[in-house]
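Take a look at the structure set out below.
The values are calculated or read from the model by the stated rules, or taken from the named source; none is laboratory data. If you're wondering where the values come from, they're calculated on a predicted model, not measured in any experiment. Please note: Cβ atoms are built from the backbone with ideal geometry, for glycine as well, and neighbour counts cover all protein chains shown.
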């Protein structure tokens, strides 16, 4: 389905078999809503599952001007408004986790629970150049030039060897991402910083990290859990895409976490 969100044609999918409470999944940089296919299939019997392509990704239009993570949070608000969603459980991974944190600060009353995966609350000062380099390379050579190194960061070698079909799909989505959409998002993530505000979040929160995540070290996600009152932290035997690499374990964790709050 396509809908206009803040002037941008936006793709979304709603999976609703049981008519349960809303559960919204937000994907990573260089991904799209398909990363959540398996989880959506599992949860759709008990929840109304919403997935969407973040601006500049998948089949959502590229912004004509630079944007911030706060703008991406406003995109989520506009999408929920358009669909008549009063409140939702939110699961965000990597970039999606940053959008989820921002949304928790902007619109806490609309969140039932918050699940943050493989994410951080700010880019360290020394990491700003990395985002700028990725943005520049995407614009000059295309996102595909970053694909192989990204797969190696996102998934452990054991998983890549055991599940080449999964890696191929993730690689294909990444390589086909709009170069300008990816570059704009890199700059937005470079400037993201909500560390000083996390303590005001008072929502049931599950924070999940991958033990082997070199790009976003587990300590970064753990710091978020420490800053949010009564947040639960879980470490999985995975790299950056922990909910995908350890899908059964993550599904069990999320299901248990949600059931306590439904």
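Just one residue in the set 171, 128 is surrounded by fewer than 15 Cβ atoms within 10 Å (Cβ to Cβ) and touching a helix residue (DSSP H, G or I) at 6+ places or on another chain (Cβ under 6 Å); that residue is 128. Among residues of segment 3-52 being part of a loop (DSSP other than H, G, I, E, B) and crowded, with 23+ Cβ neighbours inside 10 Å, the one that is farthest from the chain's Cα centre (by Cα) is 47.
Yes/no per residue for (1) in contact with a helix residue (DSSP H, G or I) (Cβ under 9 Å, 6 or more places away or on another chain); (2) surrounded by fewer than 22 Cβ atoms within 10 Å (Cβ to Cβ):
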position: 217; (1), (2): no, yes
position: 221; (1), (2): yes, no
position: 229; (1), (2): yes, yes
position: 232; (1), (2): yes, yes
position: 237; (1), (2): yes, yes
position: 241; (1), (2): yes, no
position: 248; (1), (2): no, yes
position: 259; (1), (2): no, yes
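The set of residues from segment 149-166 being touching a helix residue (DSSP H, G or I) at 6+ places or on another chain (Cβ under 8 Å) and over 19 Å from residue 216 (Cβ atoms) comprises just one member, 166.
Okay, residues lined up against (1) in a loop (DSSP other than H, G, I, E, B); (2) modelled with pLDDT under 95; (3) within 19 Å of the chain's Cα centre (by Cα); (4) closer than 23 Å to residue 36 by Cβ:
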{"site": "132", "(1), (2), (3), (4)": "no, no, no, no"}
{"site": "140", "(1), (2), (3), (4)": "no, no, no, no"}
{"site": "160", "(1), (2), (3), (4)": "no, no, no, yes"}
{"site": "167", "(1), (2), (3), (4)": "no, no, yes, yes"}
{"site": "172", "(1), (2), (3), (4)": "no, no, yes, yes"}
{"site": "181", "(1), (2), (3), (4)": "no, no, yes, yes"}
{"site": "185", "(1), (2), (3), (4)": "no, no, yes, yes"}
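Give the residues of segment 191-228 that are out of contact with any strand residue (DSSP E or B) (no Cβ under 7 Å at 6 or more places or on another chain) and under 19 Å from residue 27 (Cβ atoms), sorted by residue number. Answer for segment 191-228, where residues must be out of contact with any strand residue (DSSP E or B) (no Cβ under 7 Å at 6 or more places or on another chain) and under 19 Å from residue 27 (Cβ atoms): 213, 215, 216, 220. Pairs meeting the criteria (first residue in segment 125-152 and under 19 Å from residue 181 (Cβ atoms), second residue at pLDDT 95 or above and not in a helix (DSSP H, G or I), beta carbons under 6 Å, at least 6 apart or on different chains) are 143/177.
In segment 192-199, is there at least one residue being in a loop (DSSP other than H, G, I, E, B), touching a residue at least 24 places away in the same chain (Cβ under 8 Å) and in contact with a helix residue (DSSP H, G or I) (Cβ under 9 Å, 6 or more places away or on another chain)? Taking every residue of segment 192-199 in turn, at least one turns out to be in a loop (DSSP other than H, G, I, E, B), touching a residue at least 24 places away in the same chain (Cβ under 8 Å) and in contact with a helix residue (DSSP H, G or I) (Cβ under 9 Å, 6 or more places away or on another chain).
With the requirement that a residue be under 23 Å from residue 34 (Cβ atoms) and not in a loop (DSSP other than H, G, I, E, B), what does segment 115-130 give you? Correct list: 115, 116, 117.
Being surrounded by fewer than 19 Cβ atoms within 10 Å (Cβ to Cβ) and either modelled with pLDDT of 95 or more or outside any helix (DSSP H, G or I) (or both) is a property that residue 208 lacks.
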